[in-house]
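Step one of this worksheet: look at the structure below.
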Amino acid sequence: MRARTNLNTRTTLACLALAGAAACGDAAANGPATSASTPAAAPAVGPAAFTDYDGAAVAGGPGAGKRFGIGSAAARTAIAAMDRDVGPDGAELPPGRGTVAEGRTLYTAQCAACHGLNGEGNEPTYPRLLGRVADAEGFKFASDPKLPHTIGNYWPHATTLFDYIRRAMPHPQPGSLSDDQVYALTAYLLAQDDVIADDATLDAAALRAVKMPYADRFRPDDRKPTAAPAAARP
C-alpha cells in the first residue's frame, strides 16, 4: 500500500504542477488512471521565455492580458542610491578628498579587525590585502598562482579600490562611509603599497591620475554588446 500511496501522491503533484487543480480532480481522488481509462490530454507546456508569458496560457495564472502584480516599479531615488559604481576611468568619482594620515586612523578603526593591522589578512576568510612581496614582483602569477595578489602587485585600476570600499565596506555596515572617508582609506592603502607618497591627498582628479604598477599587464575588454534577438525582446 505504501508504494501505491507514494505513486498516487507523485502523480497528483505532477498533475497539479502542470495542469492545475481543476484538471487533476480525478487523479487526486482516485489515483492514476488504469490501463482501461481514456488517456488524458497532455498538459499545456509553459512559455519558453518570460517575455512570452501569457497569463491565460498558464494554469493558475491571473488571466488573459494580466500579470500577477508582484512588486512595484523602483523609485528614481532608490535607483540613484544604488547607482554608485565607479568605472576604471574614474568618470563617476564624487567630490571629496582624503589624506593618507586620515586613512590610517580609519583603517585601524574600521578595517583592521578583518584585514589585519598591516593588511596581512585573516585566512581563509579574508585574504592578504597589502604587501609588495618580492617573490610576486614582476607579475609572476602564471608560474606560481599561490603568490599573494595584493593591491600594489596585482590590481590594474586604483579607482576600483575606491569603488569597492564605497559600496561594500566596512563589512558590518557597507555604504556607511562618507566619500571623504573613502578617499582617505584609498589613499592609505595605496601609500602602504608604495603606489603613492605617504603624505599624499586624494580627490577625484588625483585618483584618476594614479597608475597602478602592473596596469599594463591587463588587456582591456574591447568586446561590444550585441543587440538581443527580436524574439527575446519584450
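Just a few scattered comments:
- Checklist (1) surrounded by 18 or more Cβ atoms within 10 Å (Cβ to Cβ); (2) of a type in the set (A, V, I, L, M); (3) over 16 Å from Asp89 (Cα atoms); (4) free of Cβ contacts under 8 Å to residues at least 40 places away in the same chain applied to Val195, failing item: (4)
- Only helices (runs of 4 or more DSSP H) whose full extent lies in the stretch 136-208 are considered here, and the ones with at least 2 residues that are at pLDDT 95 or above and of a type in the set (Val, Ile, Thr) are 158-168, 179-192.
- In this structure, Gly90 does not satisfy being modelled with pLDDT under 90 and part of a loop (DSSP other than H, G, I, E, B).
- Assessment of the stretch 91-101 against the conditions (surrounded by fewer than 12 Cβ atoms within 10 Å (Cβ to Cβ), in the same structural domain as Asp199 (by TED's automatic domain parsing) and either on the phi < 0 side of the Ramachandran plot or in contact with a Ser or Thr (Cβ under 8 Å, 6 or more places away or on another chain) (or both)) yields at least one matching residue.
- Inside the stretch 93-117, residues that are closer than 22 Å to Met212 by Cβ and either in contact with a Phe, Trp or Tyr (Cβ under 6 Å, 6 or more places away or on another chain) or in a strand (DSSP E or B) (or both) make up a count of 9.
- Top-ranked residue in the stretch 128-148 [being surrounded by 15 or more Cβ atoms within 10 Å (Cβ to Cβ) and not hydrophobic (A, V, I, L, M, F, W, C); ranked as nearest to the chain's Cα centre (by Cα)]: Arg128
- Condition met for Gly65 (in a loop (DSSP other than H, G, I, E, B), small (Gly, Ala, Ser) and farther than 30 Å from Arg217 by Cα): yes
The values are calculated or read from the model by the stated rules, or taken from the named source; none is laboratory data. Note that the coordinates shown come from a computational prediction; the quantities given were computed from them, not determined experimentally. No Cβ is skipped: glycine too gets one built from the backbone with ideal geometry, and neighbour counts run over all protein chains shown.
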